[in-house]
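**Student:** Before we start, here is the structure in question, set down as structure tokens.
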Amino acid sequence: LQISEPNEFDIMLVLPITRLQLDESDDTGAYYYLSFKRNPKEKHLLKFLDEDGKLSAFKMLEALRDIIKREVKNIKTVEVTVKRKKAGSPAITLQIKNPPAEISVDIILTLKVQQSWPPSTQDGLKIEEWLGRKVRGEFRNKALYLVAKQNKKEKVPRGNTWRLSFSHIEKAMLNNHGKSKTCCESDGLKCCRKGCLKLLKYLLEQLKMKYPKELDKFCSYHVKTAFFHSCVMWPNDTDWHVGDLDHCFQKYLGYFLDCLQKSELPHFFIPRYNLLSLEDKASCVFLSRQINYQLNNRFPIFQE
């Protein structure tokens, strides 16, 4: 879904683990403390437990950062640097200079556990009408991914929380986004779902460049989540006919504006987790105003 220059890449560094005990760290159902159920097969991971026996995301990220820093020194063909740590970010960012442009690569430490998804996800992924009940079942049988992510809500941040990640499922939904199996294939009918997502992603990117401070709270994940909800609200391929791009985009944009107005955007997989909390109300109002201005003036930002 890259729009401008492809200069940013995400790589998940996946570590398979056999069994984990998951304990919710707050009421969102997205953040967890992890511990081993019994004596784990992965003995090498025991050194990353904190004093309470919880797997420390902070310790594991530090160790990974050290390995990467060490390895980067051996790269002689291109100039690679490890960027300074961003507080609370699950990524280790590499900056790669020259040919043909500068790129940044985020390496995200991810644990992969083959066990059932936690209860907070039970009522999420409502894709029955859109992609079908069978596909939903197949997705829910896939492994659980957890990324090393600091929970900002913790009174005393200890760096031992992990957040559920569904990027593997999101990718699968984007790749097979049609109700009919052949949607957007060479011999199938084309739809404008991805076109709509790219437009809103680009709109947010441009506005964030213009108002970095005011729109700091927003990221492309908000746009993506609203997109999946829109696909569920309008599940048929005919709802996204390729010739109706402007109409479809306005419907999707309307839903997103509605979310901003209420400061309510439920996580697609964890319905009780609101991605726009009420303390972000001022930011929501600001973004809503900017989008409405663009909408009423035929998107001058797209012409710039």
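The values are calculated or read from the model by the stated rules, or taken from the named source; none is laboratory data. Predicted model only: the values in this text are computed from it and were never measured. All Cβ positions, glycine included, derive from the backbone under ideal geometry; neighbour counts span all protein chains shown. Areas reflect the complete protein model, heavy atoms only, side chains present, ligands, DNA and RNA absent. Shrake-Rupley method; radii C 1.70, N 1.55, O 1.52, S 1.80 Å.
**Student:** Roll a 1.4 Å probe over the protein chains and send me the accessible area per residue for the chain in Å². Working shown, then result.
**Tutor:** Working: 16850 Å² over 304 residues.
For the chain, the solvent-accessible area averages 55 Å² per residue.
**Student:** I want the local charge near L20. Using Cβ-Cβ distances under 13 Å, sum +1 for each Lys or Arg and -1 for each Asp or Glu among the other residues.
**Tutor:** Counting the neighbours of L20, the net charge comes to +4.
**Student:** Related question: Among the aspartates and glutamates, which fall within straight-line cross-link reach of K152, defined as a Cα-Cα distance under 18 Å, with same-chain neighbours fewer than 8 residues apart omitted?
**Tutor:** The qualifying aspartates and glutamates are D23, E24, D26, D27, D216, E279, D280.
**Student:** Could you give each residue of segment 162-169 its phi-based ³J(HN,Hα) in whole Hz, using Karplus coefficients 6.51, -1.76, 1.60 with θ = phi - 60°, and x for Gly or Pro?
**Tutor:** 10, 10, 4, 10, 10, 4, 5, 6
**Student:** Can you tell which of Y31, Y221, Y273 shows the greatest fluctuation in a Gaussian network model of the chain with Cα springs below 10 Å?
**Tutor:** Of the options given, Y221 has the highest mean-square fluctuation.
**Student:** Work out Dmax and Rg for segment 247-304 from the C-alpha atoms and quote the Rg first, both in angstrom.
**Tutor:** Reported Rg and Dmax, both Å: 12.8, 39.
**Student:** Whose amide H sits under 5 Å from the amide H of M12, counting only residues 5 or more places off or on another chain, with H placed in the peptide plane?
**Tutor:** The list, which skips near neighbours in sequence, is I108.
**Student:** Another question, if that's okay. Just to check I understand the Karplus step: with θ = phi - 60° and J = 6.51 cos²θ - 1.76 cosθ + 1.60, what whole-Hz values come out for segment 278-294, glycine and proline as x?
**Tutor:** My calculation for segment 278-294 gives 5, 6, 8, 3, 4, 5, 4, 5, 4, 5, 4, 5, 5, 5, 4, 4, 4 Hz in order.
**Student:** Which whole-Hz couplings ³J(HN,Hα) result when phi for each residue of segment 27-41 is put into the Karplus expression 6.51 cos²θ - 1.76 cosθ + 1.60, θ = phi - 60°, listed in order with x for Gly and Pro?
**Tutor:** In residue order, the calculated couplings are 8, 6, x, 10, 10, 9, 8, 10, 9, 7, 5, 10, 4, x, 5 Hz.
**Student:** Also, I was wondering about something else. GNM on the chain, C-alpha springs below 10 Å: top fluctuator among M233, M209, M60?
**Tutor:** Looking only at M233, M209, M60, the biggest GNM fluctuation is shown by M209.
**Student:** Another question, if that's okay. Give the cross-link partners of K201 among the lysines, using a straight C-alpha distance below 21 Å as the criterion and excluding same-chain residues fewer than 8 apart.
**Tutor:** K171, K190, K210, K213, K217, K224, K251, K262, K281
**Student:** Build a GNM of the chain with springs between Cα atoms under 10 Å: which of G29, G178, G53 gets the top mean-square fluctuation?
**Tutor:** G53
**Student:** Please report the carbon-and-sulfur percent of the accessible area for the chain; probe 1.4 Å, protein heavy atoms only, DNA, RNA and ligands left out.
**Tutor:** C and S fraction of accessible area: 53 percent.
**Student:** Lys and Arg at +1, Asp and Glu at -1: add these up for the other residues within a Cβ distance under 9 Å of K224 and post the number.
**Tutor:** Residues near K224 contribute 0 overall.
**Student:** Can you list residues whose amide H is under 5 Å from C191's amide H, if they're 5+ apart or on another chain and H is modeled 1.01 Å from N?
**Tutor:** C184
**Student:** Could you pull out every residue, at least 5 positions away or on a different chain, whose amide H is within less than 5 Å of the one on S180? Hs are placed 1.01 Å off N in the peptide plane, and Pro or chain starts have none.
**Tutor:** Here the answer is D237, since their amide H atoms fall under 5 Å of that of S180.
**Student:** Same structure again: Once you have a ≥ b ≥ c as the square roots of the Cα gyration tensor eigenvalues for segment 179-303, tell me rounded if a/c is under 1.5, and otherwise prolate or oblate according to whether a/b is larger than b/c. Before the final figure, lay out the partial values.
**Tutor:** Details: a/c = 2.28, a/b = 1.45, b/c = 1.57.
Here segment 179-303 falls in the oblate category.
**Student:** Rounded, prolate or oblate: pick one for the chain, where a ≥ b ≥ c are the square roots of the eigenvalues of its C-alpha gyration tensor, a/c under 1.5 means rounded, and failing that, prolate if a/b is larger than b/c, else oblate.
**Tutor:** Prolate is the answer for the chain, as a/c is 1.5 or above and a/b outweighs b/c.
**Student:** How much accessible surface does E214 have with a 1.4 Å probe, in Å² rounded to 10?
**Tutor:** Roughly 70 Å² of E214 is accessible to a 1.4 Å probe.
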